[in-house]
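A.B. asks: Here you go, one structure.
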Amino acid sequence: MKLSDIPTSYLLIKSSTNSEWDACDFAIINITGEWKQTQKKHLEVIKVIENDEDIKSLNYFDTHVEFFRFSKIYYPLVEEWLSERNRVFVNWRKKI
């Protein structure tokens, strides 16, 4: 994984959870054209209901994101990158 100065199809962001079972420090979002279109559609739906006082929360599940823990062995630079910013673009090849 390498830091990129230009937007790529992989966005690395800080993340966290208060779950007792799961833990994460960062996430990598795979941004594809299809993903962008889906997000636009979701935002249109949210705009319709955003001021409805009877709706208290929305849940969304997305398979274009993977969650990770900081690791000096597997991701030695990620913690440093995210210490200065909340998000960075990266060039990333998933190992299959």
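The values are calculated or read from the model by the stated rules, or taken from the named source; none is laboratory data. None of the values given here were measured: they were computed from a predicted structure. Glycine also receives a Cβ, built like all others from the backbone with ideal geometry; neighbour counts cover every protein chain displayed.
A.B. asks: Do we have any residue at all in the range 57-71 that's part of a helix (DSSP H, G or I), closer than 24 Å to Leu3 by Cα and either more than 16 Å from the chain's Cα centre (by Cα) or without any contact (Cβ under 8 Å) to a residue 12 or more places away in the chain (or both)?
C.D. replies: Looking for residues that are part of a helix (DSSP H, G or I), closer than 24 Å to Leu3 by Cα and either more than 16 Å from the chain's Cα centre (by Cα) or without any contact (Cβ under 8 Å) to a residue 12 or more places away in the chain (or both), one finds none in the range 57-71, hence no.
A.B. asks: Here's something else I'd like to know. Is it the case that Glu80 is part of a helix (DSSP H, G or I) and closer than 15 Å to Met1 by Cβ? Break it down into steps so the answer makes sense when it comes.
C.D. replies: Details: part of a helix (DSSP H, G or I): yes; closer than 15 Å to Met1 by Cβ: yes.
Spelling it out, Glu80 is indeed part of a helix (DSSP H, G or I) and closer than 15 Å to Met1 by Cβ.
A.B. asks: In the range 29-49, which residues are hydroxyl-bearing (Ser, Thr, Tyr) and not in a helix (DSSP H, G or I)?
C.D. replies: Taking the range 29-49 as the starting set, the residues that turn out to be hydroxyl-bearing (Ser, Thr, Tyr) are 32, 38.
The one that is hydroxyl-bearing (Ser, Thr, Tyr) and not in a helix (DSSP H, G or I): Thr32.
A.B. asks: Name the residues in the range 17-28 that are under 17 Å from Glu79 (Cα atoms) and in a loop (DSSP other than H, G, I, E, B), would you?
C.D. replies: Once the filter is applied, which keeps residues that are under 17 Å from Glu79 (Cα atoms) and in a loop (DSSP other than H, G, I, E, B), the range 17-28 yields Thr17, Ala23, Cys24, Asp25.
A.B. asks: Under 6 Å between Cβ atoms, at least 6 apart or on separate chains: pull out the pairs that start in the range 1-16 with a residue that is farther than 10 Å from Ile31 by Cα and part of a strand (DSSP E or B) and end on any residue that is of a type in the set (S, T, N, Q) and at pLDDT below 95.
C.D. replies: Lys2/Asn91; Ser4/Asn91; Lys14/Asn86
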